[in-house]
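The values are calculated or read from the model by the stated rules, or taken from the named source; none is laboratory data. Fair warning: this is a prediction, and the values are worked out from it, not measured in the lab. Cβ: placed from backbone, ideal geometry, glycine included. Neighbour counts: every protein chain shown. In case anyone asks, the SASA skips ligands and DNA or RNA and just uses the protein heavy atoms, side chains included. Shrake-Rupley method; radii C 1.70, N 1.55, O 1.52, S 1.80 Å.
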Amino acid sequence: RWVDRLLGVSKDGDEILDIEQAGFDFSVVGSPTELEQKIQEALKAGQNSRLVAGFCWPWSDPLSDGTLVNDVIVGDWQRPWNAKSTAGRLAPGIPSSNAWAIDPEGVHQVGCVYTAQGFEFDRVGVIWGDDLVWRAGKGWVAQAQHSFDSVVKRADKKDPEFYRKLIAQTYRVLLTRGMNGCAVTFTDDETRNYVRGLIK
């Protein structure tokens with residue numbers, strides 16, 4: 001309910017998320033490196049956990065040797081998306097698209113909304129990109145130029161407000177994949193500060 005209100009999907013729920021009262025661990029971290037550390041800590045504690053991200057980076061086909069391209073780049077940090085469903089031969093240790101969420105080796109790749117929806121993890125780490133940002137005085141602003149989701153971007157040309165709702169729904173899906181906890185990092189400082197201010 002808090003996520004729905006945060007994203008403007010619903011007006012119900014509390015504006016401020018009281019973590020202790022909710023019984024759910026939600027945190028904002030400063031970088032993907034910190035986010036990945038949280039994911040690794042959860043795995044060591046026996047909790048199923050994955051990294052996911054908004055579709056703000058290209059999604060390359062595997063290289064000729066079956067390895068994946070590090071498409072998701074934030075500063076010095078970089079990781080590949082999970083393998084595409086159309087990927088052919090993959091290098092040893094790289095799970096197929098439909099096994100990414102359950103194969104232990106899937107933790108080394110980043111999932112997007114298309115591979116994460118329908119799955120739930122004990123904990124999820126979300127990289128929130130620049131396709132949806134918060135701006136004081138304007139609210140949520142969708143930035144189609146930062147999206148690599150061709151399906152959703154087509155909506156922007158026809159109806160920008162509908163596009164904004166689609167992007168909000170994308171982050172709703174990503175933020176609600178964790179049953180016990182969710183950690184988020186943002187590529188946009190103002191958006192990070194806004195969300196952090198809504199967490200007690």
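Which of the residues that make up segment 83-103 are touching a helix residue (DSSP H, G or I) at 6+ places or on another chain (Cβ under 9 Å) and surrounded by 12 or more Cβ atoms within 10 Å (Cβ to Cβ)?
Ala83, Lys84, Ala87, Ile94, Pro95, Ser97, Asn98, Ala99, Trp100, Ala101
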Residue ID - most open to solvent (accessible area, probe 1.4 Å), chosen from residues in segment 37-69 that are in a loop (DSSP other than H, G, I, E, B) and of a type in the set (Ser, Thr, Tyr): Ser64
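Filter segment 189-200 down to residues that are touching a helix residue (DSSP H, G or I) at 6+ places or on another chain (Cβ under 8 Å) and either buried (at least 19 other Cβ atoms within 10 Å of the Cβ) or closer than 19 Å to Asp130 by Cα (or both), then give me how many there are.
Going through segment 189-200, the residues touching a helix residue (DSSP H, G or I) at 6+ places or on another chain (Cβ under 8 Å) turn out to be 195, 198-200.
If we keep only those that are either buried (at least 19 other Cβ atoms within 10 Å of the Cβ) or closer than 19 Å to Asp130 by Cα (or both) as well, we get 195.
Matching residues across segment 189-200 total 1.
Please pick out the residue among Gly181, Gly139, Gly129 that is under 12 Å from the mean Cα position of the chain (by Cα) and not aliphatic (A, V, I, L, M).
On the way: Gly181 fails: under 12 Å from the mean Cα position of the chain (by Cα); Gly139 fails: under 12 Å from the mean Cα position of the chain (by Cα).
Among Gly181, Gly139, Gly129, only Gly129 is under 12 Å from the mean Cα position of the chain (by Cα) and not aliphatic (A, V, I, L, M).
Of all the residues that make up segment 155-176, how many are hydroxyl-bearing (Ser, Thr, Tyr) and not in a helix (DSSP H, G or I)?
Residues flagged as hydroxyl-bearing (Ser, Thr, Tyr) and not in a helix (DSSP H, G or I) within segment 155-176 amount to 1.
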Scan of segment 1-28 for residues that are in contact with a helix residue (DSSP H, G or I) (Cβ under 7 Å, 6 or more places away or on another chain) and closer than 11 Å to Cys182 by Cβ, ordered by number: Val3, Leu17, Asp25, Phe26, Val28
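Of these, Phe162, Phe186, which one is at pLDDT 95 or above and either surrounded by fewer than 22 Cβ atoms within 10 Å (Cβ to Cβ) or among the aromatic types (Phe, Trp, Tyr) (or both)? Break it down stepwise before answering.
Details: Phe162 fails: at pLDDT 95 or above.
Among Phe162, Phe186, only Phe186 is at pLDDT 95 or above and either surrounded by fewer than 22 Cβ atoms within 10 Å (Cβ to Cβ) or among the aromatic types (Phe, Trp, Tyr) (or both).
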Number of the exception - Met179 against (1) part of a strand (DSSP E or B); (2) of a type in the set (A, V, I, L, M); (3) in contact with a Leu (Cβ under 8 Å, 6 or more places away or on another chain): (3)
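Which residue out of Ser31, Ser10 is modelled with pLDDT of 95 or more and either open to solvent by less than 40 Å² (accessible area, probe 1.4 Å) or of a type in the set (Lys, Arg) (or both)?
Going through Ser31, Ser10 in turn, the sole match is Ser31.
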Checklist (1) in contact with a helix residue (DSSP H, G or I) (Cβ under 7 Å, 6 or more places away or on another chain); (2) loosely packed, with under 15 Cβ neighbours inside 10 Å; (3) under 14 Å from Arg50 (Cβ atoms) applied to Arg177, failing item: (2)
Restricting segment 13-28 to residues that are part of a helix (DSSP H, G or I) and of a type in the set (A, V, I, L, M, F, W, C), the residue that is least open to solvent (accessible area, probe 1.4 Å): Ile19
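Could you go through segment 84-102 and let me know if any residue there is part of a helix (DSSP H, G or I) and in contact (Cβ under 8 Å) with a residue 24 or more places away in the chain.
Here is the first cut: in segment 84-102, the residues part of a helix (DSSP H, G or I) are 97-99.
Next, only the ones that are in contact (Cβ under 8 Å) with a residue 24 or more places away in the chain stay: none.
No, every residue in segment 84-102 fails to be part of a helix (DSSP H, G or I) and in contact (Cβ under 8 Å) with a residue 24 or more places away in the chain.
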Scan of segment 70-82 for residues that are free of Cβ contacts under 8 Å to residues at least 12 places away in the same chain and either surrounded by 19 or more Cβ atoms within 10 Å (Cβ to Cβ) or assigned to a strand (DSSP E or B) (or both), ordered by number: Gln78
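Report, by residue number, each residue of segment 104-138 that is small (Gly, Ala, Ser), touching a residue at least 40 places away in the same chain (Cβ under 8 Å) and surrounded by fewer than 17 Cβ atoms within 10 Å (Cβ to Cβ).
Taking segment 104-138 and keeping what is small (Gly, Ala, Ser), we get 106, 111, 116, 118, 125, 129, 136-137.
With the extra rule that they be touching a residue at least 40 places away in the same chain (Cβ under 8 Å), the set shrinks to 106, 111, 116, 125, 129, 136.
Within segment 104-138, just Ala136 meets the criteria.
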